[in-house]
């Protein structure tokens, strides 16, 4: 039943087909005999009769094939010899010319038969090729419809097996080290993994099986073994690359959905923060109105008054914190789409400093703006929020009374704003992490109060403007936070 | 002894309402209380108030709608809105709905009473004739002669600067939203170009303020607009 891998003409010789061939041979032989009879009756010479027979053999070769035409040609030679060469009615020729004529006739007949056979074989081959293309197409379509919630390998193995009617398919996914087997395949798991590790493709005509390394680009991502098949090597290659695409696609989909899940949980967290902050606001307002009311009434003696002032101050602080939490929760919650406008950088800085006035008290602030740098194309609220965070941060982590320097630089492609404070060395391994949400560097818990949200807001704001935020820190020169915003934004022209 | 003004406090949060009642009463106001906008309307029909203190977030018709209705029915009673910080759109909307001023939660009682008193005082003043001199601090604005003087010395202003100063001084003590100021100076097709305002304000401050970096006349009402200091 099984045929060799290379043979494209692997067609079953069923009994029916043999009978058909025999019937055609008989018919052909009958036709040859009839022609002989008619020619003999009409007293044709050898050359005329030969021409008639050649016509018949050619027609049979084109219509039916090599075998039929060969048999008929042999019968024709016998008839021509018997009826048309001297001595008549004997299978013997006395004239060497007749020998030449009949040998030539037989050679031409065989050649024509051979040619016609090749033509029909090519036709069958291209038909088979077309069929395998059709199946590959089906496979590629079905791959698109694979269930993404279930493991991809098992689905893929059974899909290949069903589409190409092979005995067995074994698929190994190197991403999650998962092996899937469908049907019967006489290979061990180690063999399959070996194919992946040695990166060697193999076709065995003995067992009618093929091994392929699955690749995404140049990188091996798995291995495929197909057993008991009659596919040509290029089809197997195509199946392998389709499988690789399917595995890669499933992987990127799952990566995407993981990111989506992370985003959703982040959103939930922000929503909770926002809700909590709102819930805190109302009682805080009440406490604040009581404490500030008591102060305003001015009926208390020294101690009482000092205590109430303390309550009043701390309530303000708590309320400030809540406001910030609410603000940042909102930044994290919304996909930031900056509403950009042309802003005067000195105005924005002024407003940001005013907003952080309480935190900055005692710190001398120096602003150096590049002479050409006047305006910036950014979202007012977001930029101010980011700058406020940087200023608060600088004030929080530097020693009391130390200066804070703000610089603005105009580069060809970007506008660079930096905020520098003295001290507060940030080790290199933490410079990325401090921009992550809720990250607090190990030493900072004792040093300064904070929520670990501020710098993540700076990062988000700058990234929403297609810019970057980073930090340089060294124990002598101090810590400098940078925000760079691209100048080539819309409206810059 | 200052006059005891009648103020209606409309606040759904009972604790805050109580604290406002206690403190404001102690500070010389006569306080009426309402828990919703609907209740406020009932009380306004029964008692004559000098001002309404209105929370922006309330059940029922809500603060904004209550503000609109009260302003429609009692245009002479100033309304002070209690708003939440960071919701700048609310503040502008409240001003457009007829509120006279707003105070951001959580607030200092001192600030609240100052705003209340200023608003009530303004409401009791008979409106000045449009061409009269406006005097605030050491600034004198004469709309007829197109002149501004500070401590007797004339200050030269561009027409736009003059327009802005006149508008702000005529609305002294009240917050003026960006859009209202823009349209009053440049006309109704302007409204979004706040940067124009910022430039104009900073020019004006350089001319009229003693220290433009710490302005005492033109104050910034963050997220909302500007406010000229009280007379």
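Quick note: the coordinates plus some simple rules give every number you see, no bench work behind them. Note that this is a predicted model, so its numbers are computed, not measured. Positions of Cβ are backbone-derived with ideal geometry, glycine not excepted, and every protein chain shown enters the neighbour counts.
Just a few scattered comments:
- Between the range B:185-231 and the range B:1-54, the Cα center-to-center distance that results, in Å: 33 Å
- Linear extension gain, residue A:178 paired with residue A:121, 0.36 nm per residue minus alpha-carbon span: 16.3 nm
- Distance (nanometres) between label positions extended 7 Å along Cα→Cβ at residue A:278 and residue A:190: 6.4 nm
- Distance between the range A:99-145 and the range A:370-413 - C-alpha centres, whole angstrom: 78 Å
- Over the range A:135-257 - Rg/Rh using Cα atoms and the Kirkwood inverse-distance radius: 0.93
- With N the number of residues in the protein assembly as shown, Rg(Cα) / (2.2 N^0.38 Å) evaluates to 1.76.
- Sorted by Cβ density within 10 Å, fewest first, the residues B:102, B:21: B:21, B:102
- Gyration tensor (alpha-carbon) shape descriptor, chain B, a/c threshold 1.5: prolate
- Relative contact order computed over chain B (Cα-Cα under 8 Å; 6+ residues apart), in percent: 13 percent
- Calculated mean residue ellipticity, 222 nm, chain B: -13000 deg cm²/dmol, from DSSP H runs (n ≥ 4) at -39500 (n - 2.57) each, averaged per residue and rounded to 500.
- Entry note, chain A: the mean residue ellipticity at 222 nm calculated from DSSP H runs of n ≥ 4, each adding -39500 (n - 2.57), is -20000 deg cm²/dmol after division by the residues and rounding to the nearest 500.
- For the range B:134-228, the equivalent ellipsoid derived from the Cα gyration tensor has semi-axes of 20, 15, 12 Å, listed largest first.
- Acute angle (nearest 10 degrees) that the helix A:380-397 long axis makes with the longest principal axis of chain A, alpha-carbon atoms: 60 degrees
- Between B:210, B:96, B:55, the Gaussian network model of chain B with springs among Cα atoms under 10 angstrom shows the greatest mean-square fluctuation at B:210.
- For the range A:261-333, the mean projected area of the C-alpha convex hull, equal to one quarter of the hull surface, is 4.9 nm².
- For the pair the range A:275-332 and the range A:24-38, the centres of their Cα atoms are 117 angstrom apart.
- For the range A:346-444: rounded, prolate or oblate by the Cα gyration tensor [a/c cutoff 1.5]: prolate
- Relative contact order [Cα under 8 Å, 6+ residues apart], the range A:135-257, whole percent: 25 percent
- Hydrodynamic radius (Kirkwood) for the range B:139-192, which is based on Cα pairs only, to one decimal in Å: 11.9 Å
- Model label sites at residue A:341 and residue A:305, defined 7 Å from Cα along the beta-carbon direction, differ in position by 4.4 nm.
- The distance between label points at residue B:96 and residue A:74 comes to 10.4 nm (points 7 Å beyond Cα on the Cα→Cβ vector).
- Ascending count of other beta-carbon atoms within 10 Å, so fewest first, for A:326, B:46, B:81: B:46, A:326, B:81
- Nearest 10 degrees, 0 to 90: helix A:345-355 Cα axis against chain A principal axis: 60 degrees
- Neighbour-count order for A:99, A:172, fewest beta carbons within 10 angstrom listed first: A:99, A:172
- When you restrict to C-alpha pairs under 8 Å that are six or more residues apart and normalise by the size of chain A, the relative contact order lands at 8 percent.
- Chain B: most fluctuating residue of B:195, B:38, B:163 per GNM, C-alpha cutoff 10 Å: B:195
- Angle in degrees between helix B:109-124 and the longest Cα principal axis of chain B, rounded to the nearest 10: 70 degrees
- Global geometry of the range B:6-124, whether rounded, prolate or oblate, following the gyration tensor of its Cα atoms and the 1.5 cut on a/c: rounded
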